[in-house]
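Here the structure is laid out as structure tokens; the discussion comes afterwards.
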Amino acid sequence: MMSPGSGISLDPWFDNYADRAAGLSASEVRALFAVASRPEVVSLAGGMPFVAALPFDKVRSSVDSVLATQGAAALQYGSGQGLPRLREKIRDVMAEEGIRAGVDDIVVTTGSQQGLDLVAKLFINPGDAIIAESPSYVGAMGVFRSYQARVEHVEMDDHGMIPEALRERIEQLRDAQVPVKFLYLIPNFQNPAGVTLSASRRVEILDIAQDNGILIVEDNPYGLLWFDSPPPQALRSVDDGGVIYLGSFSKTFAPGLRVGWVVAPHGIREKLVLASEAAILSPSSFAQMVLAEYFESHDWKAQIDIFRGVYRERRDAMTNALSSYLPDIAHTNPAGGFYLWLTLPEGLDSKDMLPRAITELVAYTPGTAFFANGQGQRHLRLAFCYPEPDFITEGIRRLARVITEERELVDTFGPASSETPVAANLESPPPEVS
């Protein structure tokens with residue numbers, strides 16, 4: 001690979017890379033971090049949990065206790081499957097969503113992102129299809145792309161993935177003789193759209209997957225962060241033979257510890273342990289012991305309830321500001337989690353609009369980050385999890401100014417592109433997600 005016009009190689013090893021390395025590229029979310037971290041910018045872009053709401057005195061006491069009583073073990077290698085003591089607490093966490101699992105069913109990972117990578121490594125051959133929601137999590141798109149998968153999006157509305165659209169996509173792939181390795185879902189307060197898969201659709205989608213012999217990967221980092229009422233119980237609670245479940249402490253405790261987990265059918269679980277040992281030997285003993293100590297010694301359910309209150313207040317600040325400053329703009333109204341999905345007026349492009357937004361000192365994530373096929377120009381994700389409510393209101397005020405100016409330019413000069421709106425079922429103002 002040569003730098004333009006110079007004849008100088010930017011990377012002398014470029015031709016030596018494996019083909020799958022071509023799928024490794026910086027996401028649009030990652031590219032925003034440097035800009036969004038500037039103090040003068042109101043960042044509605046990143047999904048960072050508000051860890052300042054944690055009781056730091058209790059966290060510190062857990063750290064001190066681990067070092068005082070188990071310091072040597074905490075700083076040593078551990079089991080590739082994870083600390084049994086922590087896996088016991090993970091069982092309690094999952095029981096809140098109806099999942100009954102044994103300690104041996106759980107594999108601790110370095111964040112649920114590693115769990116997703118391990119599942120992809122085990123199942124994906126180049127050219128295999130992965131079915132995902134439209135839109136879907138940018139980190140999952142990166143993982144699937146790195147293993148040279150073909151990501152097939154299926155439309156959603158305000159009740160989650162549309163079962164009939166799923167049937168049609170499976171039939172199309174079968175007719176094209178493309179292997180479908182699994183269906184990837186974020187059923188609760190989905191990233192990026194914020195919608196929740198309804199109880200009736202969960203049953204229907206499970207039936208579709210079973211009828212077609214398709215594994216489901218259920219990614220559930222936000223399920224306990226509901227605002228007014230819990231979401232339907234987990235898919236894994238209904239089908240423990242056809243669902244791989246991914247969980248995480250990153251949203252309900254702290255992402256800095258990098259602890260997640262996978263629950264999978266027996267044969268898959270054994271291969272996950274082997275794959276994890278090959279990749280990292282073992283997850284962090286220290287992080288696992290701190291979490292186990294905290295969850296055993298403190299009221300973790302009360303702390304999650306505090307997080308719910310924090311994020312509910314911030315969701316309300318964002319939706320109220322949108323009603324005030326952008327009353328005619330369609331958006332989802334999440335009943336939990338971190339995110340809201342906004343649909344721009346015809347002719348506007350969220351990616352092209354971002355530089356103007358940055359000059360107005362507000363950041364968001366363009367919708368194109370959440371599609372494997374480059375779509376999403378008329379959409380953007382807004383994260384309400386991290387900024388204080390007053391900053392959210394100010395950020396929406398700044399964003400409204402940008403959108404108003406862009407609309408005036410389009411009205412005067414015409415749209416820069418004529419892209420057909422993506423995820424049309426999410427473009428009318430939806431009711432509260434059930």
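If only one of G376, G347, G337 is at positive phi, in contact (Cβ under 8 Å) with a residue 40 or more places away in the chain and in contact with a Cys (Cβ under 9 Å, 6 or more places away or on another chain), which one is it?
Values: G376 fails: in contact with a Cys (Cβ under 9 Å, 6 or more places away or on another chain); G347 fails: in contact with a Cys (Cβ under 9 Å, 6 or more places away or on another chain).
From the options G376, G347, G337, the qualifying one is G337.
Could you list all residues from segment 370-406 that are under 17 Å from Y325 (Cβ atoms) and in a loop (DSSP other than H, G, I, E, B)?
Our first condition is that a residue be under 17 Å from Y325 (Cβ atoms); within segment 370-406, this holds for 380, 382, 384, 387, 389-406.
Within segment 370-406, F384, P387 qualify.
Can you find even one residue in segment 384-394 that is closer than 21 Å to D158 by Cα and at pLDDT 90 or above?
So in segment 384-394, the residues closer than 21 Å to D158 by Cα come out as 384-385.
Right, trim to at pLDDT 90 or above and you get 384-385.
Yes, the conditions are met somewhere in segment 384-394.
Can you pull out the residues in segment 68-84 that are crowded, with 17+ Cβ neighbours inside 10 Å, within 18 Å of S248 (Cα to Cα) and not hydrophobic (A, V, I, L, M, F, W, C)?
G80, Q81, G82
Filter segment 276-288 down to the residues that are under 15 Å from G111 (Cα atoms) and of a type in the set (A, V, I, L, M, F, W, C), then identify the one that is surrounded by the most Cβ atoms within 10 Å (Cβ to Cβ).
A287
Scan segment 359-369 for residues that are under 27 Å from K251 (Cβ atoms) and not in a loop (DSSP other than H, G, I, E, B) and jot them down.
Those that are under 27 Å from K251 (Cβ atoms) and not in a loop (DSSP other than H, G, I, E, B): V362, A363, T365, P366, G367, T368, A369.
What number goes with the only condition from (1) part of a helix (DSSP H, G or I); (2) out of contact with any Gly (no Cβ under 7 Å at 6 or more places or on another chain); (3) not basic (K, R) that P126 does not pass?
Failed condition: (1).
List the residue pairs whose Cβ atoms are under 8 Å apart, where the first residue sits in segment 41-55 and is touching a residue at least 40 places away in the same chain (Cβ under 8 Å), the second is surrounded by fewer than 18 Cβ atoms within 10 Å (Cβ to Cβ) and part of a loop (DSSP other than H, G, I, E, B), and the two are 6 or more positions apart or on different chains.
If the second residue must be surrounded by fewer than 18 Cβ atoms within 10 Å (Cβ to Cβ) and part of a loop (DSSP other than H, G, I, E, B), the pairs left are V41/L361; V42/L361; S43/S37; P55/H298.
Kindly check whether there is at least one residue in segment 151-162 that is over 24 Å from L344 (Cβ atoms), at pLDDT 95 or above and touching a Leu at 6+ places or on another chain (Cβ under 9 Å). Steps first, please.
At the first step, the residues of segment 151-162 found to be over 24 Å from L344 (Cβ atoms) are 152.
Then keep just the ones that are at pLDDT 95 or above; that gives 152.
Okay, now just the ones that are also touching a Leu at 6+ places or on another chain (Cβ under 9 Å), so 152.
Yes, segment 151-162 has at least one match.
When you scan segment 165-178, do you find a residue that is within 27 Å of G336 (Cβ to Cβ), in contact with a Gly (Cβ under 7 Å, 6 or more places away or on another chain) and either hydrophobic (A, V, I, L, M, F, W, C) or at pLDDT 95 or above (or both), even just one?
Within segment 165-178, none of the residues are within 27 Å of G336 (Cβ to Cβ), in contact with a Gly (Cβ under 7 Å, 6 or more places away or on another chain) and either hydrophobic (A, V, I, L, M, F, W, C) or at pLDDT 95 or above (or both).
Please pick out the residue among R20, R38, R85, R100 that is at pLDDT 95 or above and either under 27 Å from L281 (Cα atoms) or outside any helix (DSSP H, G or I) (or both). Before you say what the answer is, go through the steps one by one.
On the way: R20 fails: at pLDDT 95 or above; R38 fails: at pLDDT 95 or above; R100 fails: at pLDDT 95 or above.
Exactly one of R20, R38, R85, R100 is at pLDDT 95 or above and either under 27 Å from L281 (Cα atoms) or outside any helix (DSSP H, G or I) (or both), namely R85.
Of the residues that sit in segment 317-328 and are under 24 Å from the mean Cα position of the chain (by Cα) and touching a residue at least 60 places away in the same chain (Cβ under 8 Å), which one is surrounded by the fewest Cβ atoms within 10 Å (Cβ to Cβ)? First the steps, then the outcome.
Going through segment 317-328, the residues under 24 Å from the mean Cα position of the chain (by Cα) turn out to be 317-319, 322.
Then keep just the ones that are touching a residue at least 60 places away in the same chain (Cβ under 8 Å); that gives 317-318, 322.
On the way: A317: 20, M318: 26, L322: 22.
For segment 317-328, the residue satisfying everything is A317.
Restricting to segment 380-402, name every residue that is over 15 Å from L361 (Cβ atoms) and over 22 Å from the mean Cα position of the chain (by Cα).
Passing the criteria: only P389.
If you take just the strands (runs of 3 or more DSSP E) that sit entirely in segment 189-271, which of them hold at least 3 residues that are touching a residue at least 24 places away in the same chain (Cβ under 8 Å) and under 18 Å from A95 (Cβ atoms)? Can you show your working first?
Working: elements: 215-219, 243-248, 260-263.
Once the strands (runs of 3 or more DSSP E) in segment 189-271 are filtered for at least 3 residues that are touching a residue at least 24 places away in the same chain (Cβ under 8 Å) and under 18 Å from A95 (Cβ atoms), what remains is 243-248, 260-263.
Given the residues F391, F370, which is the only one that is surrounded by fewer than 18 Cβ atoms within 10 Å (Cβ to Cβ) and among the aromatic types (F, W, Y)? Reasoning before the result, please.
Details: F370 fails: surrounded by fewer than 18 Cβ atoms within 10 Å (Cβ to Cβ).
Result: F391 is the single residue among F391, F370 that is surrounded by fewer than 18 Cβ atoms within 10 Å (Cβ to Cβ) and among the aromatic types (F, W, Y).
May I ask you to verify whether S134 is farther than 16 Å from S248 by Cβ, buried (at least 20 other Cβ atoms within 10 Å of the Cβ), in contact (Cβ under 8 Å) with a residue 12 or more places away in the chain and among the hydroxyl-bearing types (S, T, Y)? Show your work before the answer.
Working: farther than 16 Å from S248 by Cβ: yes; buried (at least 20 other Cβ atoms within 10 Å of the Cβ): yes; in contact (Cβ under 8 Å) with a residue 12 or more places away in the chain: yes; among the hydroxyl-bearing types (S, T, Y): yes.
Answer is yes for this residue.
Cβ-Cβ under 6 Å, sequence separation 6+ or interchain: first residue in segment 97-123 and more than 15 Å from R87 (Cα to Cα) and surrounded by fewer than 23 Cβ atoms within 10 Å (Cβ to Cβ), partner of a type in the set (D, E, K, R) and modelled with pLDDT of 95 or more. Which pairs?
Pairs that qualify, where the first residue is more than 15 Å from R87 (Cα to Cα) and surrounded by fewer than 23 Cβ atoms within 10 Å (Cβ to Cβ) and the partner is of a type in the set (D, E, K, R) and modelled with pLDDT of 95 or more, are L122/K271; F123/K181.
For segment 63-96, how many residues are free of Cβ contacts under 8 Å to residues at least 12 places away in the same chain and under 20 Å from G241 (Cα atoms)? Talk me through it step by step, then tell me what you get.
Taking segment 63-96 as the starting set, the residues that turn out to be free of Cβ contacts under 8 Å to residues at least 12 places away in the same chain are 64, 67-69, 71-72, 95.
Still in the list and also under 20 Å from G241 (Cα atoms): 95.
Within segment 63-96, residues that are free of Cβ contacts under 8 Å to residues at least 12 places away in the same chain and under 20 Å from G241 (Cα atoms) number 1.
Of all residues in segment 293-316, count the ones that are surrounded by 15 or more Cβ atoms within 10 Å (Cβ to Cβ) and either among the small types (G, A, S) or not in a helix (DSSP H, G or I) (or both).
1
Would you check which residues across segment 225-245 are buried (at least 24 other Cβ atoms within 10 Å of the Cβ) and in contact with an Asp or Glu (Cβ under 6 Å, 6 or more places away or on another chain) and list them?
L235, R236, V243, Y245
Give the residues of segment 103-122 that are under 20 Å from the mean Cα position of the chain (by Cα) and in a helix (DSSP H, G or I), sorted by residue number.
At the first step, the residues of segment 103-122 found to be under 20 Å from the mean Cα position of the chain (by Cα) are 107-121.
Listed by number, the residues that qualify are G111, S112, Q113, Q114, G115, L116, D117, L118, V119, A120, K121.
The values are calculated or read from the model by the stated rules, or taken from the named source; none is laboratory data. Small disclaimer: the values here were computed from a predicted structure and weren't measured. Please note: Cβ atoms are built from the backbone with ideal geometry, for glycine as well, and neighbour counts cover all protein chains shown.
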